[in-house]
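Participant: Here it is: the structure, laid out below.
Just so you know, all these numbers are worked out from the coordinates, no wet-lab data involved. In this text the structure is predicted, and so the values were computed from the model without any measurement. Heads up, the Cβs are rebuilt from the backbone with ideal geometry, glycines too, and the neighbour counts pull from every protein chain shown.
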């Protein structure tokens with residue numbers, strides 16, 4: 001009883017932070033609300049406070065604003081107009097942030113390209129954006145050079161090169177951007193007054209784990225409003241704080257939940273080109289990073305590290321992000337002593353934001369949007385409908401496909417590709433004429449105790465990642481969490497594969513091992529048997545050299561799923577559970593032939 005009373009008063013204490021969030025009115029239409037306006041307002045308040053820490057550099061807000069003004073003036077003088085699109089292909093560093101702010105000051109759209117892209121995907125992202133210029137960091141000039149003959153930006157003066165470390169030199173096919181800028185032109189631009197909330201700030205591409213990357217449209221209103229909500233309800237930071245941000249700024253998590261949120265309140269950002277688990281805590285101590293923007297797998301890497309002295313009494317008080325799995329959540333609460341873990345759920349192109357406002361454990365929180373969970377057949381990969389064609393709502397705590405009603409207060413901005421946008425919309429769901437955004441995610445309702453009557457939710461899996469085996473639904477995320485609990489498995493990638501003659505898909509997992517020779521297969525087999533029901537136990541285990549992930553640490557499954565357990569076409573070792581056996585053993589050609597001839601007995 002005492003615990004419930006304490007929780008009641010804790011929730012009441014949260015209200016003083018939540019009420020401003022609930023009252024906040026999203027900017028819209030011709031409101032002068034943009035990344036540029038926010039940055040300029042923060043600069044006026046805190047000109048001499050640190051904006052960015054990066055390697056050995058420190059940039060104040062005033063310094064960054066002056067350079068952004070100079071760059072914006074150069075771009076405007078060289079033909080970039082309000083509404084024009086400009087490719088940005090650059091790693092995390094101060095000039096990435098400054099370039100995006102400069103573009104926003106003149107109402108141009110930053111086309112943010114994943115820095116890991118090469119070849120055809122890179123060509124697709126550049127050409128599909130119909131951009132007038134390309135700003136490329138020296139560190140990404142080589143992959144750009146390899147596709148120069150295939151992109152629709154062809155003139156040397158339209159490819160603007162930004163110097164990096166001394167090892168890189170200006171190529172003959174590009175123009176040195178900094179060499180052409182007049183850094184004495186430091187005043188704010190009058191053009192910024194014409195930039196509005198409805199103007200598009202940037203395009204952010206999907207990860208491309210399925211199909212080619214699609215450009216999601218992010219208007220200024222979404223960028224600004226998200227940052228306000230995240231700082232007020234999430235981090236609760238101010239100008240005294242510093243955020244640790246090692247996530248790619250070309251992605252919405254690193255940009256919106258990270259950089260723009262820090263700008264909103266005048267906080268500093270420590271940014272990195274790439275995440276490093278081994279140096280994380282030392283850097284957190286060095287820069288006194290009180291806040292962390294995270295992706296779940298980043299947190300798993302930290303949890304898998306051996307304890308170190310620098311993690312003790314670390315400065316991180318609050319963290320905001322998405323994809324934090326329940327098993328890792330406990331590590332950050334108990335081992336790293338983080339007070340606020342604010343999991344959010346949303347998508348760059350989506351029309352709803354879930355947020356763990358009450359700082360509850362293991363939930364994506366709640367939302368003000370009109371949402372529904374509908375029945376979904378994971379075996380046939382299709383929505384279950386009534387005889388009249390309408391969808392069936394989930395009325396209990398079973399997982400269902402999350403959909404969000406599209407309306408004036410939940411606008412679906414979609415992609416630049418109208419056909420791709422339409423594919424994400426479900427129509428006539430419950431009544432004729434209604435329209436809902438299909439998230440493509442399986443979500444369940446969860447009981448988190450007292451929470452002012454608001455329903456809370458928990459992420460289960462992506463559609464296609466959940467599969468059906470032995471008449472049971474298997475969540476790859478849930479199986480992965482359990483397998484990751486085995487001491488020699490750092491990160492497992494679980495997926496379903498077809499076995500000839502069997503309905504559904506059998507479980508398969510891929511992971512890498514630091515020491516293959518000393519991996520105890522008998523012990524691992526016993527762990528799987530004791531911790532997973534029979535239908536959820538992976539039939540196959542593939543030992544890979546290195547886990548393949550996107551730039552935002554999402555596990556790539558397509559190739560693994562297609563290759564399955566065909567040891568004749570892959571070089572990796574595969575282990576398997578034979579029928580009526582509880583012990584994994586190497587898969588050989590004889591047993592593979594039995595499987596393919598449907599004589600294995602699965």
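Participant: Using a/c under 1.5 as the rounded threshold, could you call the range 140-191 rounded, prolate or oblate? The axes a ≥ b ≥ c are square roots of the C-alpha gyration tensor eigenvalues, and prolate needs a/b larger than b/c, oblate otherwise.
Facilitator: It comes out oblate by the Cα gyration axes.
Participant: When you count, for each residue, the other Cβ atoms within 10 Å and take the mean per peptide, how do 174-183, 454-463 rank with the highest first? All intermediate terms of the calculation are to be shown ahead of the outcome.
Facilitator: Values: 174-183: 15.1, 454-463: 18.6.
Sorting 174-183, 454-463 by mean packing, highest first, produces 454-463, 174-183.
Participant: Can you give the angle from 0 to 90° between the axis of helix 521-531 and the longest principal axis of the chain, with both taken from C-alpha atoms, to the nearest 10?
Facilitator: For 521-531 against the chain, the angle is about 90 degrees.
Participant: Also, I was wondering about something else. Order the peptides 309-322, 410-423 from the highest to the lowest mean number of other Cβ atoms within 10 Å of their residues.
Facilitator: Listed from highest to lowest mean packing, they are 309-322, 410-423.
Participant: Going highest first, how would you order 75-83, 193-201 by mean Cβ packing within 10 Å? Please list the in-between numbers first.
Facilitator: On the way: 75-83: 15.8, 193-201: 19.1.
So the order, starting with the most tightly packed, is 193-201, 75-83.
Participant: According to the square roots a ≥ b ≥ c of the eigenvalues of the Cα gyration tensor, what is the shape class of the range 467-596, taking rounded for a/c under 1.5, prolate for a/b larger than b/c otherwise, and oblate for the remainder?
Facilitator: Here the range 467-596 falls in the rounded category.
Participant: Next up: For the chain, what does the relative contact order come out to in percent, with C-alpha contacts under 8 Å and a separation of six or more?
Facilitator: Averaging sequence separation for qualifying contacts and normalising by length gives 10 percent for the chain.
Participant: Report the antiparallel proportion of the DSSP beta bridges in the chain as a percent, rounded to a multiple of 5.
Facilitator: For the chain, the DSSP antiparallel bridge percentage is about 60.
Participant: Along each of its three principal axes, how wide is the spread of alpha-carbon positions in the chain, in whole angstrom units, largest first?
Facilitator: Largest first, the chain extends 77, 63, 60 Å along its Cα principal axes.
Participant: With a ≥ b ≥ c the root eigenvalues of the C-alpha gyration tensor of the range 48-169, is it rounded (a/c under 1.5), prolate (a/b larger than b/c) or oblate?
Facilitator: Oblate is the answer for the range 48-169, as a/c is 1.5 or above yet b/c matches or exceeds a/b.
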